[in-house]
Each structure stands twice: as C-alpha cells, then as structure tokens.
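**Student:** Below is one structure. I have some questions about it.
The values are calculated or read from the model by the stated rules, or taken from the named source; none is laboratory data. Source: prediction; values computed, not measured. Here the Cβ positions follow ideal geometry from the backbone for every residue, glycine too, while neighbour counts run over all protein chains shown. Heavy atoms of the whole protein, side chains included, go into the accessibility calculation; ligands, DNA and RNA do not. Shrake-Rupley method; radii C 1.70, N 1.55, O 1.52, S 1.80 Å.
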Amino acid sequence: KQWYQRRVAITAGGYFRYNMFLFLCLFLLGAVHSVTALQAKCRMRLHKNSTKIGDIVFNSNGNTQSMQFHIKGDPKIITEGIHGLHIHNNPVKRKDCSPSATGDYFNPAGESGMHHGLGTVRAGARGEVNQINNVNVDPLKEEGISGVIEGQMACMPEPYMLFQDGSEKKIINFEKAQKRLEKLQKKENPSNLYVIILKEPDCYNPVSNQDTYTLHSPLFVLEGEDSIVGKAVVLQGNEDGNMDDGIACCTLKLVSEED
C-alpha cells in the first residue's frame, strides 16, 4: 500500500510538471502571437549623396518576421561580392553613413549576439543586392537556417537577320526567315537581302538570396527599448566586421511615421 501511494504521488508529480511545461510553452507561443503587426522601412541613399538606390523593409507579425533588401547602383560603388549590412546606434544625419555619425553597431544582445541577423549581403556584378530573410519564431523547434540563391539560366545564341545596310532584326521564327532568305537569293539584286547570324544574348542573372530562419525568439523588434526603429541601416564596403564610411544608409521609420 505504501509503495502504491508513493508511485501515485510520483505519477501525479510528473503529470503536474508536464502540464506546467505545456502551459509555459503555450504561454510563450501566445506571447509571440500577441505581437502587433508592424512594418518599418527606409530608402537607401549613397553616402554623402542624395542618390536613391533602393529600399529595405522589416515586417513583424506574430511569430513571423521578414527583412527585404533590394538595391541597385553603380557597380563601381556597390562592388561585386560580400558586404556588411548592419543596424547602427544613431539615425543618419546630413547623408553621412560613417560611424562618426551613425555610431557603433546596435547590438543589445551583447558582443556575442548577431546584429539583428543582418550580417552580410551579396552584391552582383551589376551593383544589385536582392536579399530576403524570413523568420519563423517557435520555441519548441530546433533553431536553424536554410537558404536558396538564384538558379542557373540556359543561355543559347539567338538568330538575327543582318541586312546590307548594317541594321539587324531578331528572328522570331527561324524556319520562316530561312525560307524567305532562300526566295530572296533566287532574285536578281534584291534590295532587302540579308544573312542570318548568331549573337550571344545578355545572359546575366541578377543575384538573389533568400534565407529562412527558425529561432526561439524574434530576430529584431520594432517597438520598445530594443527597437531598431529610428536607427541607421548601413551598407558597408567590406565584409570583415570593421566599420568603414559605408556605401549607403537610411534611418528606419515605422510606416505610419513616414512622410
């Protein structure tokens, strides 16, 4: 009887702890879902220049978040390769993206924390950056990240008609163009004779990165003391974590606060 009572007590205690664990998990999930849907964005401009090169947008809605960063500029300025993209402590003033104006990295998590997951972005040979980060917040799942990049394009030479005056016309129907050429070649001194040539098309495929995070807590916040709203987003010239003057920057604002 004593053994039975002890086992019942242990079993009851186990159920209690299990129920408390479930309650805590549901509470955390409820807290995540209760977050108000918010959006913050800004338009990137070149360092000490008013030239607009694109937008960066942060969305936060319950347990899902996203960051979308699309820019295109002079490839001599936005060089091909990896660039740092960080939130800085201060807003942009007088179009100055340098750390003397925008301050240090904003990182409330401490030295070991990610700079709100921005880290680095990849620029293409034509000065473009297309980066999308999607975040799923779930305290019950294992944290991780997966990503995809732009695919490979099948790029074949394209047929053109080259006329005697040097003008060119792209061939839409090759068989029809071939038959027409055969008819012209049978005429004496045709005025619109041409030859068929093959030209290499523009096969450039813009870079594109899309990463999906699974995290136990939000990657960034758009309200409260740790909010990134009102702070500068800076695209840097290097990737090694050392702050330079920056290529471009802007100050994040909630959509409702925008002019």
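**Student:** Just to check your reading of the model, which residue among ILE71, ILE82, ILE53 is of a type in the set (Val, Ile, Thr), in contact (Cβ under 8 Å) with a residue 12 or more places away in the chain and either more than 25 Å from LEU254 (Cβ to Cβ) or part of a loop (DSSP other than H, G, I, E, B) (or both)?
**Tutor:** One residue alone meets the criteria, ILE82.
**Student:** Now a separate question. If I ask for residues that are of a type in the set (D, E, K, R), surrounded by 10 or more Cβ atoms within 10 Å (Cβ to Cβ) and not in a helix (DSSP H, G or I), which ones from segment 145-194 would you list?
**Tutor:** GLU150, GLU158, GLU168, LYS169, LYS170, LYS187, listed by residue number.
So that you can scan it fast, the table gives a plain yes or no per residue for (1) surrounded by 15 or more Cβ atoms within 10 Å (Cβ to Cβ); (2) out of contact with any Phe, Trp or Tyr (no Cβ under 7 Å at 6 or more places or on another chain); (3) among the aliphatic types (A, V, I, L, M); (4) assigned to a helix (DSSP H, G or I):
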{"residue": "PRO201", "(1), (2), (3), (4)": "no, yes, no, no"}
{"residue": "TYR213", "(1), (2), (3), (4)": "yes, yes, no, no"}
{"residue": "VAL221", "(1), (2), (3), (4)": "yes, yes, yes, no"}
{"residue": "ASP245", "(1), (2), (3), (4)": "yes, yes, no, no"}
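**Student:** Does segment 210-218 include one or more residues that are over 39 Å from the mean Cα position of the chain (by Cα) and hydroxyl-bearing (Ser, Thr, Tyr)?
**Tutor:** The answer is no, given that none of the residues of segment 210-218 is over 39 Å from the mean Cα position of the chain (by Cα) and hydroxyl-bearing (Ser, Thr, Tyr).
**Student:** In addition: Name the single residue that is surrounded by the fewest Cβ atoms within 10 Å (Cβ to Cβ) among those in segment 79-122 being under 21 Å from MET67 (Cα atoms), among the polar types (S, T, N, Q) and at pLDDT 90 or above.
**Tutor:** Applying the filter and picking the extreme gives ASN89.
**Student:** If LEU140 satisfies every condition in (1) in contact (Cβ under 8 Å) with a residue 24 or more places away in the chain; (2) open to solvent by less than 70 Å² (accessible area, probe 1.4 Å); (3) closer than 22 Å to LEU219 by Cβ; (4) in a loop (DSSP other than H, G, I, E, B) but one, which is the exception?
**Tutor:** The one condition LEU140 does not meet is (2).
**Student:** Could you identify the single residue in THR11, THR36 that is over 30 Å from VAL92 (Cβ atoms) and either open to solvent by less than 70 Å² (accessible area, probe 1.4 Å) or modelled with pLDDT of 50 or more (or both)?
**Tutor:** Testing whether each residue is over 30 Å from VAL92 (Cβ atoms) and either open to solvent by less than 70 Å² (accessible area, probe 1.4 Å) or modelled with pLDDT of 50 or more (or both) leaves just THR11.
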